[in-house]
2 protein chains.
Amino acid sequence: MKKKITIKEIAKILMVSVSTVSKAMNDSPEISEKTKKKVKELAKFYGYTPNHIAVSLKNQSTFNIGVIIPDIQNSFLAEVLKNIEITAKTKGYRIITFFTGEKSKEEKESLKILANGMAEGIIMCPSEETFVLKEFEHIKNIAETTSLVTFDRLHEELNYNSVSVDDDQSILKACAHFQETQAKNILFVSSIGWLSVGKTRRKTFNSFIENHTNIDGEVIEEHEMDDLRKKIEERITNKELPKIDAILGADIESTLIANAAISKTSLKYIDEISLIGYVNKRHNELQYPQISYINQFPEKVGEKAVELLINSLKDDSSKIKKEVIKTEIVVKDTSK
Amino acid sequence: MKKKITIKEIAKILMVSVSTVSKAMNDSPEISEKTKKKVKELAKFYGYTPNHIAVSLKNQSTFNIGVIIPDIQNSFLAEVLKNIEITAKTKGYRIITFFTGEKSKEEKESLKILANGMAEGIIMCPSEETFVLKEFEHIKNIAETTSLVTFDRLHEELNYNSVSVDDDQSILKACAHFQETQAKNILFVSSIGWLSVGKTRRKTFNSFIENHTNIDGEVIEEHEMDDLRKKIEERITNKELPKIDAILGADIESTLIANAAISKTSLKYIDEISLIGYVNKRHNELQYPQISYINQFPEKVGEKAVELLINSLKDDSSKIKKEVIKTEIVVKDTSK
DNA sequence: CTGAAAGCGCTTACAG
DNA sequence: CTGAAAGCGCTTACAG
């Protein structure tokens, strides 16, 4: 493999100084057109392009935004990521993405690398393990010297610019929607009872049921997918217990499982049972029936996160902003 | 926001030299335990961590692998990415991911940045636009100075280490599977007729049909999802034309659409019609019915790609290797 | 055991 | 218009 050519070598070949080459490559008005042409031609011939690492070190700026994502497979996070990238690009930044696999250790690593010269600011969704351990020191440390925006998952110790989604409201809206359409007994299903977001969603559901005497609720939480499926099937076909007329899925997986269970037991949507949950939008559009879902507007989350970060990059002293994106129930084929 | 502290400042505070601080931080045996302790304590106090950019520049090595992915939303690519990361980590490398959105321009940008100091080698899936334009110069240029592994999409001009999937074979296997189960008339559906991979899959299908006189085939290609759905529905319910007894989906989207069409028209799987296609494995497992699918083993693709790259990093002169992963038909609920 | 010096590949204020 | 010098934040061979 050929070695990469440097400015120094080009300078030597052309018998000019390193500064002249550098200025010529950067189209400095100090340099004559003739010299510029000569330099650029040789640079092209040798395939020279400036070493980004050196440029970044010298300029103390990278135009990189670091992005930390817990899980690539999570379609909400993937969509947010996509929109972070699109928005960043329009503002002249590129993004460098690290994935943590929901692990605190990887999160620390990623933060450290990004903060130490690789990126000017960081947009992150903290990993689940960080919440479980309740250890936020590594994030706080980084935030002392680097602009930081968190998204999706909140914690009171994380007092930085953030973009989140009104998750409670979405659960309440779904419940209210069921209530309006005369549901009497809602089944809340979840495969993420152990996740902080899963806990909040369940609590919100429970509080709705407690506050509304004309509607009943039940909860099935189960991490193991096959068990979850079996429990849901058993419950919705059980004639001895009160009839379930609506299911609320607390996450994409449990929503799909509930849909599969309904389809397997041949219950009829709307007439016999309704379903609202979280979905992968892209997939849902291609399915029949399409599941009624809670839209969390990942595009808005991504866009806002970039805006907040770039603002704080420009004005260090600006106040902390906590944006909350409003969710919406999108009615498709599985509910009235 | 606090400024990041540097080695120089720590040296000044402790009244020692910059070299001593650097060596102490790196646990050099040249430095006394006492000094090490002093330095490390102060470093900790000030939250000092070495600037990665500077270290990379100095050491001329980053332990970064650059990864270029055309589309985050593509679940096959997302799984490959995940496994690239997992494998890279076990080998002591981290990955820096760029997304191109299937655009040639972004691909050029990403390659340039990664190759110019940010990464030691690159694993990439070339963008669709690159294939459409048949412009591979930017990739070839990079490959002259940087170790490169391509995956999934092949082209004769891209003569580098590569990992791909025996795509033709998978289509032939699916056809053969249908033939064995007594299908007489296979419908090939595709939403990616314009993509190179879509063209290959269709050609392979056509050649199978031509070579097998006891089985007929038809093709529906349509980029617009709603139109695709309508055309499939019309065709499978049309009693005047020969009955379709098997559908082969050429991509995830068309497979889902075919499944939706079958479900909408209430045709019975296996008895009346069969379906094999490409799926998002994770989702498919949660669905009912589960679609029979072509497994492309994204884990193997990711793992192999990293291995090839690291080998060529270690031994520059090693021969070009072209790995081909064998696909497998996984029979689920939609075929015999 | 500690430090001065050179250098990684660049950019830029300054001098000529 | 061109070039020498300093410096971005580090590491390391070498001298003491």
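Which whole-number percent is the relative contact order of chain B (Cα, under 8 Å, 6+ apart)? If you can, show how the numbers build up before the last one.
Numbers: 565 pairs, mean separation 55.3, N = 336.
16 percent.
Could you provide, to the nearest whole Å², the per residue accessible area of the range B:167-296 with probe 1.4 Å? Let's see the in-between values first.
Details: 5700 Å² over 130 residues.
So the range B:167-296 comes to 44 Å² accessible per residue, rounded to a whole number.
Convert each backbone phi in the range A:199-213 into a coupling constant with the Karplus relation 6.51 cos²θ - 1.76 cosθ + 1.60 (shift: θ = phi - 60°), then list the ³J(HN,Hα) values in order as whole Hz, x for Gly and Pro.
5, 4, 4, 5, 4, 4, 4, 4, 5, 4, 4, 4, 7, 10, 6
Could you work out the relative contact order of the range A:7-50? I mean the mean sequence separation of Cα pairs under 8 Å and 6+ apart, divided by the number of residues, in percent.
Values: 30 pairs, mean separation 14.6, N = 44.
Averaging sequence separation for qualifying contacts and normalising by length gives 33 percent for the range A:7-50.
Would the range B:167-296 count as rounded, prolate or oblate if I go by the C-alpha gyration tensor, calling it rounded below 1.5 in a/c and otherwise prolate when a/b exceeds b/c, oblate otherwise? Intermediate values should be presented prior to the final figure.
On the way: a/c = 1.21, a/b = 1.05, b/c = 1.15.
Judged from the Cα gyration tensor, the range B:167-296 comes out rounded (a/c under 1.5).
Each label point is 7 Å from the Cα along the Cα-to-Cβ direction; what then is the distance between the points at residue A:322 and residue B:86, in nm?
The two pseudo-label positions are separated by 3.7 nm.
From the square roots a ≥ b ≥ c of the eigenvalues of the alpha-carbon gyration tensor of the range A:24-132, which class results: rounded (a/c under 1.5), prolate (a/b over b/c), or oblate?
Working: a/c = 3.32, a/b = 2.61, b/c = 1.28.
It comes out prolate by the Cα gyration axes.
Kindly provide the trypsin sites (Lys or Arg not before Pro) of the range A:1-79 that DSSP labels as loop, not H, G, I, E or B, and whose Cβ sees at most 11 other Cβ atoms within 10 Å.
Working: sites: A:2, A:3, A:4, A:8, A:12, A:23, A:34, A:36, A:37, A:38, A:40, A:44, A:58; in loops: A:2, A:3, A:4.
Here the trypsin sites (Lys or Arg not before Pro) that fit, given the DSSP loop and packing criteria, are A:2, A:3.
Give, ordered by residue number, each residue of the range B:11-53 whose 1.4 Å probe accessible area is reduced by a minimum of 40 Å² on adding the remaining protein chains to the chain alone.
Residues losing area: B:49, B:52, B:53.
Evaluate the charge dipole of the range B:167-296 about its Cα centre and quote only its size in Debye, nearest 20, assuming +1 on the Cβ of each Lys and Arg and -1 on the Cβ of each Asp and Glu.
Values: 16 positive and 20 negative charges, 35 e Å.
Magnitude of the dipole: close to 160 debye.
Just A:304, A:230, A:314 to compare: in a GNM of chain A, with alpha carbon springs under 10 Å, which one fluctuates most?
A:314
Cross-link list A:8/B:112; A:4/B:36; A:103/B:4; A:3/A:38; B:23/B:89; A:268/A:300: which exceed 31 angstrom alpha carbon to alpha carbon? Provide the component values of the computation, followed by the final result.
Values: A:8/B:112 19 Å; A:4/B:36 37 Å; A:103/B:4 26 Å; A:3/A:38 22 Å; B:23/B:89 26 Å; A:268/A:300 35 Å.
Cα-Cα > 31 Å for A:4/B:36; A:268/A:300; rest within.
In square angstrom and rounded to 100, what buried accessible area do you get between chains B and A, total over both, with the probe at 1.4 Å?
Numbers: alone 18650 and 18660 Å², together 31510 Å².
Approximately 5800 Å², summed over both chains.
Give me the dipole magnitude in Debye, nearest 20, for chain A about the Cα centre, with unit charges on the beta carbon: positive for Lys and Arg, negative for Asp and Glu. Each step should come with its number before you reach the end.
On the way: 49 positive and 50 negative charges, 451 e Å.
Here the size comes out at about 2160 debye.
Can you work out the Karplus-derived ³J(HN,Hα) for every residue in the range A:299-315? Use 6.51 cos²θ - 1.76 cosθ + 1.60 with θ = phi - 60°, whole Hz, and x for glycine or proline.
Those phi angles translate into 4, 5, 4, x, 5, 4, 4, 5, 4, 4, 5, 5, 4, 6, 5, 6, 10 Hz.
If you average the alpha carbon positions of the range B:242-274 and of the range B:203-229, how far apart do those two centres end up, in angstrom?
Measuring centre to centre over Cα atoms gives 13 Å.
Taking all protein chains as present, what is the carbon and sulfur share of the accessible area of the protein assembly as shown, in % to the nearest whole number, probe 1.4 Å? Write out the running numbers ahead of the final one.
Numbers: 15810 of 31510 Å².
For the protein assembly as shown, the apolar C and S fraction of the accessible surface comes to 50 percent.
Given the -39500 (n - 2.57) contribution per DSSP H run of 4+ residues, what per-residue ellipticity at 222 nm results for chain A, rounded to the nearest 500 deg cm²/dmol? It would help to have the intermediate numbers written out before the result.
Details: 14 runs with 157 residues, N = 336.
Taking each H run of at least 4 residues, the total per residue is -14000 deg cm²/dmol.
With a 1.4 Å probe and every protein chain left in place, work out the accessible area per residue of the range A:7-50 in Å², rounded to a whole number.
Working: 3110 Å² over 44 residues.
Averaged over the residues of the range A:7-50, the accessible area is 71 Å².
Round to the nearest 10 and give me the degree value, 0 to 90, for the angle of helix B:225-237's Cα axis relative to the longest principal axis of chain B.
Orientation of helix B:225-237: about 30 degrees from the principal axis.
Shortest first and in nm with one decimal, please list how far the residue A:17 label point sits from its counterparts in the other copies (point 7 Å along Cα→Cβ).
For residue A:17, the inter-copy label distances come out at 3.0 nm.
Can you list the aspartates and glutamates whose alpha carbon sits under 15 Å from that of residue A:37, skipping same-chain ones fewer than 8 residues off?
Result set, ordered by chain and number: A:27.
Quick query: amide H of residue A:335 versus all other amide H atoms, modeled in the peptide plane; which residues come in under 5 Å with a sequence gap of 5 or more or a different chain?
When sequence neighbours closer than 5 places are left aside, the close amide H contacts are A:275, A:292.
Ordered shortest first, which distances in nm separate the 7 Å Cα→C-beta label point of residue A:86 from those of the other copies?
Distances between equivalent label points, in nm: 3.0.
Less than 13 Å apart at the alpha-carbon level, and either on another chain or at least 8 residues along: which aspartates and glutamates does that give for residue A:314?
Straight-line reach from residue A:314, under 13 Å: A:120.
By a straight-distance test (C-alpha under 14 Å), which aspartates and glutamates pair with residue A:82 as possible cross-link partners, with residues fewer than eight away in the same chain excluded?
A:71, A:299, A:303, B:71, B:102, B:106
Hand me the chymotrypsin sites (Phe, Trp or Tyr not before Pro) from the range B:181-225 located in a DSSP loop with no more than 13 other Cβ atoms within 10 Å, in residue order please. Kindly include the intermediate steps, with their values, before the conclusion.
Values: sites: B:188, B:194, B:205, B:208; in loops: B:194.
Hits after loop and neighbour filter: B:194.
Does the protein assembly as shown come out rounded, prolate or oblate by the C-alpha gyration tensor, with a ≥ b ≥ c the root eigenvalues, rounded set by a/c under 1.5 and, if not, prolate when a/b is larger than b/c and oblate if not? Show your work: numbers first, answer last.
Details: a/c = 2.36, a/b = 1.36, b/c = 1.73.
Since a/c reaches 1.5 but b/c is at least a/b, the shape of the protein assembly as shown is classed as oblate.
On a 0 to 90° scale, report how tilted helix B:252-264 is relative to the longest principal axis of chain B, with both axes built from alpha carbons and the result rounded to the nearest 10.
The answer is roughly 40 degrees.
Mind listing the long-range amide H neighbours of residue A:164? Cut-off is under 5 Å, sequence gap 5 or more, other chains count too, H placed in the peptide plane at 1.01 Å from N.
A:152, A:323, A:324, A:325
Quick one: what are the phi-derived ³J(HN,Hα) couplings along the range B:155-171, Karplus 6.51/-1.76/1.60 with θ = phi - 60°, whole Hz, x for glycine and proline?
Here the 3J(HN,Hα) series is 7, 4, 6, 9, 8, 10, 4, 8, 10, 9, 10, 6, 4, 4, 4, 5, 5 Hz.
Just to confirm the numbers: residue B:272, label point 7 angstrom along the Cα-Cβ line, distances to the other copies in nm, shortest first?
Once sorted, the set of distances for residue B:272 reads 1.8 nm.
Which residue, A:200, A:237, A:49, tops the fluctuation ranking in a GNM of chain A built on C-alpha contacts under 10 Å?
Result: A:49 has the largest fluctuation of those listed.
Please identify every one of the trypsin sites (Lys or Arg not before Pro) in the range A:113-187 that sits in a loop by DSSP and has no more than 13 other beta carbons within 10 Å of its own beta carbon. Walk me through the numbers before you get to the answer.
On the way: sites: A:134, A:140, A:153, A:173, A:184; in loops: A:134, A:153, A:184.
Qualifying residues, ordered by number: A:134.
Please get the size of the charge dipole for the protein assembly as shown, origin at its Cα centre, with Cβ charges of +1 on Lys and Arg and -1 on Asp and Glu, quoted in debye to the nearest 20. Write down the numbers at each step before the final one.
Details: 98 positive and 100 negative charges, 639 e Å.
Using Cβ point charges on Lys, Arg, Asp and Glu, the protein assembly as shown gives about 3080 debye.
Sort out for me the Cα centre separation of the range A:110-143 from the range A:294-336, rounded to whole Å.
Going from one Cα centre to the other spans 20 Å.
The values are calculated or read from the model by the stated rules, or taken from the named source; none is laboratory data. This one's a predicted model, so the numbers in the text were calculated from it and none came from an experiment. Virtual Cβ from ideal backbone geometry, glycine too; neighbours counted across all protein chains shown. Just the protein is used for accessible areas: all its heavy atoms, side chains included, with ligands, DNA and RNA removed. Shrake-Rupley method; radii C 1.70, N 1.55, O 1.52, S 1.80 Å.
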